[in-house]
Amino acid sequence: MSDQTLNSWEARADANSFYGFTDLPTIKERGTTVLTHGKGAYVYDVHGREFLDANSGLWNMVAGFDHPGLIAAAKAQYDRFPGYHAFFGRMSDQTVMLSEKLVEVSPFARGKVFYTNSGSEANDTMVKMLWFLGGAEGKPQRRKILTRTNGYHGVTAVSASMTGKPYNSVFGLPLDGFIHLSCPHYWRFGKDGETETQFTARMAAELEETILREGADTIAGFFAEPVMGAGGVIPPSAGYFQAVQPILKKYGIPLIADEVITGFGRTGATWGCQTYDFIPDAIISSKNLTAGFFPMGAVILGPELTDRLQAAADAIEEFPHGFTASGHPVGCAIALKAIDVVMNEGLAENVRTLTPLFEEGLKRLSEKKNIGEWRGKGLMGALEAVADKDTKRPFDGSLSVSERIANACTDQGLICRPLGQAVVLCPPFIFTPSDMDKMFDRLEKALDGVFAEVA
Ligand SMILES: *Cc1c(COP(=O)(O)O)cnc(C)c1O
């Protein structure tokens, strides 16, 4: 029974909802923010407070919170055919059209698409595909998965094992066979006197040593975000993908680009791999795929993996995998519209137009004495707070500096996200120059207030 006597939204949220990825002391002190609706890049809570959401929801609401075209596409598809599956040789017409579209806009000359309900499930599915291939191709020992420290790939048992974050140890994860390489963040992990080129070479050497140590024929694949997102917006060191891809090719290890955040325009090109000038063997997509209007993920296979998986499936007459809502017609209709809106209605173009303004703002705030680094690509960026700019020494963890900054931002009517000791910004593609000014003004006030308290 739920307690009907509770009279505030905050208390009701607390009473019956179990929070995930939420700082519980902050909730105790400040209460849950209960939202009712959104307009453009702004969201509104039950008390009528307005917030500029500088994180596009959770990186995904790139067309804002009330895009009329997306809402109309969803309504029309609900009227026409509100749900179906993609099993047993049936699928909706929307699913057929979305697969065509995804292959068309992918960097692949040809390919095939498999649908899930989330990014985690898409990564999980890709791992199962690689394990399936290992078995089918007479290499059942080919099961290990390589990812990077600070990489984020999701929360299912497999995708959490791929995620290179210490918090997963509370679940006894990672599972065996998930190997985390170093994080290619030069500013933080470069050694004294090491150039960025030398740093990249060290990352590549570590990859090759790991392959040789583990045995190339025990490794099923290497997964990487073109720009790490939930790790704190970390672009790779210069030349990183050009250095690692030839090594992977040499040992026959597929390179999977996890483009859940970087896909569909976030970094300035359609795909992050295009921004960084490499072609992966498969792409994992979610989040922006439906502009956040429907839960959906997709594995987009390049030509070689398409052929190998097709042969493996043909041999046993079935690929025994799929979710009840894989290729959901409403999700597919929304995704078709979202891709059209982003690519053809000026949103991708707006990312490129706003990027210089965004970088200028980040750069300006990085001059503060307690900001160690600004970083980013396209419309994803971060400011890293430090206690000491010269030594890059972080603040004492007990100060919860980035939580304080995020809370101070909320008080200013700005939603941004604390990540480690960084503040992450990931504005929707519909942002205007005036939203950008507002975001940086509010963020600066919050930073000044918090640094005056802790520094
Ligand atoms: C969010 C994210 C995921 C997981 O997606 P969910 O839909 O939350 O399961 C996977 N990879 C990357 C790069 C992400 O940002």
Check every DSSP H run in the chain and write down those whose alpha carbon atoms cover 24 angstrom or more along the long axis and whose mean Kyte-Doolittle hydropathy is -1.0 or greater. 119-136, 196-214, 347-365, 433-454
Rounded if a/c is under 1.5, else prolate if a/b beats b/c, else oblate: with a ≥ b ≥ c from the C-alpha gyration tensor eigenvalues square-rooted, which is the chain? oblate
Would you tell me the accessible area of His37, worked out with a 1.4 angstrom probe on the heavy atoms of the protein chains, in Å² to the nearest 10? 100 Å²
Cross-link table Lys101/Lys363; Lys28/Lys165; Lys28/Lys392; Lys128/Lys377; Lys191/Lys368, entries beyond 27 Å C-alpha to C-alpha: Lys101/Lys363; Lys28/Lys392; Lys128/Lys377
Report, in debye and to the nearest 20, how large the dipole of the chain comes out about its Cα centre when Lys and Arg carry +1 and Asp and Glu carry -1 on their Cβ. 200 debye
Per residue accessible area of the stretch 65-162, 1.4 Å probe, in Å²: 45 Å²
Rounded to a whole %, the carbon-and-sulfur portion of the accessible area of the stretch 400-455 at a 1.4 Å probe is 46 percent
Mind checking the full-extension length gain between Ser17 and Asp192? Use 0.36 nm per residue of separation minus the Cα-Cα distance, one decimal, nm. 58.3 nm
Taking Lys and Arg as +1 and Asp and Glu as -1, residues besides His180 with C-beta under 10 Å from its C-beta add up to +2
With point charges of +1 on the Cβ of Lys and Arg and -1 on the Cβ of Asp and Glu, referenced to the Cα centre of the stretch 70-344, which listed residue (Ala291, Ala204, Phe319) lies farthest in the positive direction of the dipole? Ala291
By how many nm would the segment from Met343 to Ser169 lengthen if fully extended, with 0.36 nm per residue of separation less the alpha-carbon distance? 58.6 nm
Assign one of three labels to the stretch 35-179, namely rounded, prolate or oblate, based on the Cα gyration tensor with a ≥ b ≥ c the square roots of its eigenvalues; rounded applies when a/c is under 1.5, prolate when it is not and a/b is larger than b/c, and oblate otherwise. oblate
Just the number, please: percent antiparallel of the DSSP beta bridges in the stretch 70-344, rounded to the nearest 5. 45 percent
Would you work out if the stretch 154-258 is rounded, prolate or oblate? Take a ≥ b ≥ c from the square roots of the eigenvalues of the alpha-carbon gyration tensor; rounded if a/c is under 1.5, else prolate when a/b is larger than b/c, oblate otherwise. oblate
Rounded percent of accessible protein surface that carbon and sulfur make up, the stretch 70-344, 1.4 Å probe: 56 percent
Would you work out which of Tyr115, Ala269, Gly239 lies farthest towards the positive end of the dipole of the chain, given +1 charges on the beta-carbon of Lys and Arg and -1 on that of Asp and Glu, about the Cα centre? Gly239
What does the charge add up to near Thr22, with Lys and Arg as +1, Asp and Glu as -1, over the other residues with Cβ less than 15 Å from its Cβ? -2
With Cβ to Cβ distances under 12 Å as the rule, what net charge do the other residues near Gly297 carry (K, R +1; D, E -1)? -3
With charges set only on the Cβ (+1 for Lys and Arg, -1 for Asp and Glu), what does the dipole of the stretch 249-300 come to about its Cα centre, in debye to the nearest 20? 40 debye
Nearest 500 deg cm²/dmol is fine: what mean residue ellipticity at 222 nm does the chain get from its DSSP H runs of n ≥ 4 alone, each adding -39,500 (n - 2.57), divided by its residue count? -13000 deg cm²/dmol
For Glu10 and Asp93 in one chain, what is 0.36 nm times their gap in residues minus the Cα-Cα distance, to one decimal in nm? 25.6 nm
Projecting the Cα atoms of Leu414, Ala348, Tyr167 onto the charge dipole of the chain, where Lys and Arg contribute +1 and Asp and Glu -1 at Cβ, the residue farthest towards the positive end is Tyr167
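The values are calculated or read from the model by the stated rules, or taken from the named source; none is laboratory data. Computed from a prediction, not measured in an experiment: that's the story for all the values here. So basically every Cβ, Gly included, is an ideal-geometry build from the backbone, and we count neighbours across all protein chains shown. Protein only, heavy atoms only, side chains kept; ligands, DNA and RNA dropped before computing areas. Shrake-Rupley method; radii C 1.70, N 1.55, O 1.52, S 1.80 Å.
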